[in-house]
Each structure stands twice: as structure tokens, then as C-alpha cells.
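What follows is a set of notes on a single structure, which appears directly below.
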Amino acid sequence: MTRRPYVLLSCAASIDGYIDDATEERLLLSNAEDLDRVDAVRADCDAILVGAQTVRRDDPRLLVRSPRRRRDRVARGLPESPAKVTVTGGGDLDPQARFFTTGETERIVYCASQAVAKARERLGARATVVDGGEPVDLERALVDLAGRGVRRLMVEGGGGMHGQFLRAGLADELHLVVAPFFVGDRQAPRFVGEGRFPWHSGRRARVAEVRQLGDVVLTRYALSERFGEPREPESIR
């Protein structure tokens, strides 16, 4: 496999491991201090990836918020915000979603082979739709991203997307923020579902940092030998 991007997973969860509740309203798990930290991490990446379900449910903008950080990126010859990336099996994406309509940056959609034509028709010029295989092969998508100049990829969710990267052993670093409350609803989405993961009782992930940010706690896990490697100078074209 061609050297893939450095993959950093970012997630906030409740004490009992839920990333949302079962209502229509989005559950706020983070706080202002942690959101600023996440913004700094975004600004240091070449691309941000979320699953299609997150695009539909949360309608995220996925932009760098801080004007100073946006200026710093432009001064380095980069777009104000990283490229946006999503993965879809059926191509059912709304071209009016903020993922596609906000920010002056590249948008890339990795789509299952059978739905590529549908996705291209729906999205038009708003995104580059790439055949990701049937089903979408994350390793293939990472190779393609590397070819587009992505050296550092931030995966922001949801749980299904995080689970796929973790089960495949394609993550180098995990930022897990725990909010000080319980959700307690088995209908709500969890951080990751069932599966076989490379890290288990016989092979523990390494804790690289634990930090309190107001009323939440951040734990950074080193998941590969690439953890902490220097950022490469290349950027997305």
C-alpha cells in the first residue's frame, strides 16, 4: 500500500460511551474550551472526513472557525479550511447540505461503485465523486487521498465511520473527550459498535496524554508507530 495519510480520529462521548442521544436535537457533549482545541486540530489537517449519515443528521460545516487560524493557513498557501471528505454507500446526499455549500475548499465523496452515477448526477460540480469500490474500501480511499496531497486526515465521525477505521487498523491517533454525564438510552448511537479491534486486553493502546478542559477530559491514544510523526510539508492541491 502507498504511504497513506496520517489518520487522527476525534470523538466526544458521554461517560457511558454515547456520542448522541435518541432525540432529533443534537446533543452537546463538548464545551467552548474543547471546541477551540478541535478547531486547532482541524487547522493543522489537510482534510476532514465524516460519514454520510453524519452529513445527513448533523449537517456540519466542517470549517476552521478561528479567523487567525484561517489566515495562518492562507499564509502557508493553503485553503482557509481543510478539504471535506465523506463516504457513502447509496449516494443519497443532499447537495444543499452545508458540507457542500459552505467554505471555499475541495469536497470529495467516496461512493460505492453501484451508486457513483447517481451521486454524480445529484451533486454535480459541488463535489468530486470517486468510485471507492463495492463496498467502499477505506484503504483505497486513503491511497487516493494521498495522491491528492492529503498527508494528515482528521476523522470526526460518526460512530460507524470511527469503527471502520479502528477495526481495519487504519488509525494512528485517537482523541477521545468524555463529557461528565450519562445518556443511558440503548437507542442512542455509541462511539463504536461490536467488532474485532486491533487493541484488546492483550494489546493495549498507549495513552499519550490526559488533559482536563473545563468539565470534560481529553485522552489522546497512540494507535500506531506513526503517532506523533512530524507533519510533512506537502498539502492538498
Next on the checklist: One residue is enough: does region 139-146 have a residue meeting the conditions among the acidic types (Asp, Glu) and touching a Leu at 6+ places or on another chain (Cβ under 8 Å)?
Outcome noted: yes
Next on the checklist: Can you find a residue that is of a type outside the set (Val, Ile, Thr), modelled with pLDDT of 95 or more and surrounded by 15 or more Cβ atoms within 10 Å (Cβ to Cβ) anywhere in region 228-236?
Outcome noted: no
Item to check | Candidate set from region 47-62 (those that are open to solvent by 50 Å² or more (accessible area, probe 1.4 Å) and under 15 Å from Gly89 (Cβ atoms)); member that is farthest from the chain's Cα centre (by Cα) | outcome: Arg56
Next on the checklist: Cβ-Cβ under 7 Å, sequence separation 6+ or interchain: first residue in region 24-45 and over 17 Å from Arg68 (Cβ atoms) and polar (S, T, N, Q), partner open to solvent by 30 Å² or more (accessible area, probe 1.4 Å) and outside any helix (DSSP H, G or I). Which pairs?
Outcome noted: Asn31/Gly214; Asn31/Asp215
Next on the checklist: I need a count of the residues in region 128-161 that are within 19 Å of Phe99 (Cα to Cα), among the aliphatic types (A, V, I, L, M) and under 17 Å from the mean Cα position of the chain (by Cα).
Outcome noted: 7
Item to check | Residue check for Leu35: under 16 Å from the mean Cα position of the chain (by Cα) and on the phi > 0 side of the Ramachandran plot | outcome: no
Next on the checklist: Every residue in region 173-209 that is open to solvent by 50 Å² or more (accessible area, probe 1.4 Å), in contact (Cβ under 8 Å) with a residue 40 or more places away in the chain and among the aliphatic types (A, V, I, L, M), please.
Outcome noted: Val178
Checklist outcome for this item: Going through region 185-215 in order, the residues found to be in contact with a strand residue (DSSP E or B) (Cβ under 8 Å, 6 or more places away or on another chain) and under 24 Å from Arg57 (Cα atoms) are Asp185, Ala188, Pro189, Arg190, Phe191
Checklist entry - Quick check: anything in region 121-139 in contact (Cβ under 8 Å) with a residue 24 or more places away in the chain, open to solvent by less than 20 Å² (accessible area, probe 1.4 Å) and in contact with a Ser or Thr (Cβ under 6 Å, 6 or more places away or on another chain)? => result no
Next on the checklist: Between Val155, Val143, which is within 22 Å of Gly91 (Cβ to Cβ), touching a residue at least 40 places away in the same chain (Cβ under 8 Å), surrounded by fewer than 21 Cβ atoms within 10 Å (Cβ to Cβ) and not basic (Lys, Arg)?
Outcome noted: Val143
Checklist outcome for this item: Scanning region 71-100 for residues that are open to solvent by 60 Å² or more (accessible area, probe 1.4 Å) and among the charged types (D, E, K, R), the one nearest to Pro135 (Cα to Cα) turns out to be Asp92
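The values are calculated or read from the model by the stated rules, or taken from the named source; none is laboratory data. It should be emphasised that the depicted structure is a prediction, and the values quoted were computed from it without experimental measurement. Note that each Cβ is placed from the backbone with ideal geometry, even for glycine, and that neighbours are counted across all protein chains shown. Heads up: the accessible areas ignore ligands, DNA and RNA and are worked out on the full protein's heavy atoms, side chains in. Shrake-Rupley method; radii C 1.70, N 1.55, O 1.52, S 1.80 Å.
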